[in-house]
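Just so it is clear, none of the values below were taken in a lab; they were calculated from the coordinates. None of these values were measured; they are calculated from a predicted model. Glycine also receives a Cβ, built like all others from the backbone with ideal geometry; neighbour counts cover every protein chain displayed.
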Amino acid sequence: MEIFILLIILVITTVIFVWTIYMIIGDAAGAPFVTVDDNVLVKILEQMKLKKGSDFWDLGSGNGKAVFLAVRKYGTFGYGTEINPLLVLYCRIKAGLSGSKKVKFEMNNLFKTDISRADYIYFYLFKGTVEKVSQKLEKECRPGTMVASRGFEIFRWKNRLTRILETNGWKTYFYKV
Ligand SMILES: C[S@@+](CC[C@H](N)C(=O)[O-])C[C@H]1O[C@@H](n2cnc3c(N)ncnc32)[C@H](O)[C@@H]1O
């Protein structure tokens with residue numbers, strides 16, 4: 001019995017430790033984990049006009065909300081890349097339970113992820129990070145790829161801006177590569 005309790009304490013402590021470390025790593029690598037309201041994500045995806053069978057990516061996918069929503073509501077394939085292994089594990093379990101073969105989550109730094117086949121890309125990252133991401137997208141994405149940046153404008157893409165959506169005091173910026 002004592003061993004069992006000790007094991008539970010060990011597991012909980014390890015999870016808290018790993019979570020704290022990866023919150024710090026996420027913060028340094030692009031943005032910490034913050035969840036977005038479902039109704040806000042619905043509005044963002046609505047504006048992206050996702051097409052059935054297309055490839056939707058969330059760079060820094062967090063708890064996978066945007067990816068699951070894109071697949072469930074619009075019939076896209078959904079991909080998430082995320083640096084925090086606990087969030088990736090959560091998303092993979094959720095995907096497994098849903099039985100959907102159209103979602104995929106990888107534990108990776110978004111800057112090392114191949115996104116060349118994406119049709120739609122969404123992210124919610126820090127101000128400085130979105131400028132860096134835009135350079136990656138310019139190099140790797142097909143012309144016409146739709147991009148949505150929640151929270152922060154990409155200043156070097158002023159000529160690519162197609163619309164701005166305001167929700168709960170935050171803006172989402174939409175671009176075409
Ligand atoms: C603000 S949250 C956004 C979560 C999700 N995209 C959403 O809108 O609900 C940012 C996420 O990006 C992840 N992240 C930050 N830098 C990253 C990087 N370089 N590569 C992959 N994921 C990263 C964080 O761990 C965090 O989960």
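Normalised by the residues of segment 31-177, what does the relative contact order come to in percent, with Cα pairs under 8 Å and at least six apart?
21 percent
Given R₀ = 30 Å, what would the calculated FRET efficiency be for Thr14 paired with Ser98, taking r from the Cβ atoms and rounding to 0.05?
Efficiency computed from Cβ-Cβ geometry: 0.65.
Mind giving me the nanometre distance, one decimal, between the label points for Lys136 and Gln47, set 7 Å out from Cα along Cα→Cβ?
If labels sit at Lys136 and Gln47, their model points lie 2.2 nm apart.
State which helices in the chain qualify, where a helix is a whole DSSP H run, it must extend 24 Å or more along its own axis by its Cα atoms, and its mean Kyte-Doolittle hydropathy must be at least -1.0.
2-29
If the reach is capped at under 20 angstrom between alpha carbons, list the lysines near Lys52, excluding any in the same chain fewer than eight residues apart.
Answer for Lys52, where 20 Å is the Cα cut-off: Lys43, Lys65, Lys73, Lys101, Lys102, Lys104, Lys176, listed by chain and number.
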